[in-house]
1. So is Ala238 small (Gly, Ala, Ser) and either closer than 24 Å to Asn471 by Cβ or in a helix (DSSP H, G or I) (or both) or not?
2. For residues that are over 26 Å from the mean Cα position of the chain (by Cα) and polar (S, T, N, Q), scanning just region 352-386, find the one that is surrounded by the fewest Cβ atoms within 10 Å (Cβ to Cβ).
3. For region 1-28, name all the residues that are hydroxyl-bearing (Ser, Thr, Tyr), over 16 Å from Glu284 (Cα atoms) and surrounded by 15 or more Cβ atoms within 10 Å (Cβ to Cβ).
4. If Ile296 satisfies every condition in (1) under 25 Å from Ile231 (Cα atoms); (2) in a helix (DSSP H, G or I); (3) under 18 Å from the mean Cα position of the chain (by Cα); (4) of a type in the set (A, V, I, L, M) but one, which is the exception?
5. In the set Arg249, Arg237, which member is surrounded by fewer than 22 Cβ atoms within 10 Å (Cβ to Cβ) and touching a residue at least 40 places away in the same chain (Cβ under 8 Å)?
6. Look at Thr487 and say whether it is more than 28 Å from Trp219 (Cβ to Cβ) and either in contact with a Pro (Cβ under 9 Å, 6 or more places away or on another chain) or modelled with pLDDT of 90 or more (or both).
7. Could you tell me which numbered condition Asp181 fails, if it satisfies all but one of (1) assigned to a loop (DSSP other than H, G, I, E, B); (2) touching a residue at least 24 places away in the same chain (Cβ under 8 Å); (3) not assigned by TED's automatic domain parsing to the domain that holds Ile430?
8. Condition (residue is at pLDDT 95 or above, within 28 Å of Ile382 (Cα to Cα), part of a helix (DSSP H, G or I) and not aromatic (Phe, Trp, Tyr)) applied to region 416-438: is it met by at least one residue?
Amino acid sequence: MLQGGPGASSVNLENSMTELYMRLNGTTSVYTMDHRGTGRSALLKCEAAEAFSAGSPGGAEVDMREVANCVKDVLYQIEGQTAAFSVTSAAKDIEFLVNGLNQDEDVFVYGASYGTYLTERLMHLAPSIVKGYILDGVLAEEKGNFAHFGSIREEPAQYFGQLCDQDKVCRSKYGSDVPVDQAMYDAWFETYETLDAAAIGDNACADLLTTREDIMPSWVLGTYFSTLFSIGDVSKRAGIPAVLQMVRRCNDADVVTLRALTAAQGMTLFDVLTQAGPLQPFDEVNGISFLLMHLIKHSELWLYPTPKWEVETALVEQSVFGTFYTVDYAWHCVLSGNASDPSCPALLELGQQRTVPVNYSSVELTKFSYERDEYFGKTAAIPKDTSVMVMSGKLDFQTVHSWAVDQYEKMQGDNKLLVEFEYGPHCSGIAPSTAGDTTGCGVRIIASFVKQMGDIDLTDLSCLDELPAINFDVDEDLKQYIASLQTGPQGKHKQLKKKHHVKSA
């Protein structure tokens, strides 16, 4: 079982490994591999501790002014051999391990998120001992990229709006003020436009979001829906239509509820999203390997040439649930070693987003990448005598459903199976589809695929019929959520990483 990221620790996959082992009644050995460059392997890190500054929400934050020196340190440590940490190198590690550990056994390889891309690379190598591949939350080899990771969310966002339109409770209860012939998604987008058009002091809900002239209220609300009250979180997403109705209506009772819901007591939601969190050291075992993540992202999980940051920004602004990946574009600029790269305006913007704004115009840029190899941009064929199962949730806001379909359709060979979860989030094979889903359906399907030795006709998909629909009737749930915020630690949300977008001049 292969973890995502890139750069994520396999520690966070262990619960799913245990669950699958139990579903297989202990008859199957379940392994993972710590990716080169992560904490339990050989962490890519520089000795200059100041490269990681404590105090950012959720953990250590890389100071972009230190990246160049950090990269130079790492390049010295690895003797300039960045390709040693490539996707293909990691795939060859897996090939070596399965050939050494599992002789005379049948091997199945499961990949989650970025782990699917690593699994796809293993398919190119086609070790004969592997009998089946499982791709869950697919990073497609031809369509998948992080350059449009924020704007690609429009696809599941539109689908979520359609689900609300089709649901009697969602449409009648939280869209009672919306014209019958108007789609809910369009009403939500108009809500954003109304917020942005309001002058400070004219709209209480816009003022609750931000009172800064240079910050768009729509950005604040959109960020809330991708972080603290995430559209990707099955325990919260059903409440989003209700929240949007309150913002749209914005009567006195709505303002009181929204203030409690966002934990914005005495401050704006923008302040809540951007305030510094407690000092936390970088966790080398459980944390993301920043350098590995960005080395792989920008070497072969990007678009070439790089899209202009302004173009990606415009695309995100046209989506209700789009996200500004300013950090990724800023890293791409620094690691490109090229100040003229179209990603570089994001670096300047990122500096202004820090708790104490920083001018990043003089940041040193240092190239840190590896050459793309012969497998890049090519969809792997299904290896001889193997099968592939592709699993995808239609409400996956990270690796969108169309990527899974693209990978499935382009893989040459007939021995393949596409499993679609109508309400499924990211990595539906190891995650519940809805807040009320206790079926364990995804893991049951994976276990069946393995038990049936990858026979796609015998793999049991019957649990898909057991999956509950999204329950949009959330009034009581929101009350309980607000109560939990008021009685939880310090009565506040867990802090999140700062990312915001400024209005155009």
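The values are calculated or read from the model by the stated rules, or taken from the named source; none is laboratory data. The structure displayed is predicted, hence computed values, not measured ones. Note: ideal-geometry Cβ built from the backbone for every residue, glycine included; neighbour counts use all protein chains shown.
1. yes
2. Ser362
3. Ser16, Tyr21, Thr28
4. The one condition Ile296 does not meet is (1).
5. Only one candidate passes the filter, namely Arg249.
6. On the way: more than 28 Å from Trp219 (Cβ to Cβ): yes; either in contact with a Pro (Cβ under 9 Å, 6 or more places away or on another chain) or modelled with pLDDT of 90 or more (or both): no.
Answer is no for this residue.
7. The single condition Asp181 does not satisfy is (2).
8. no
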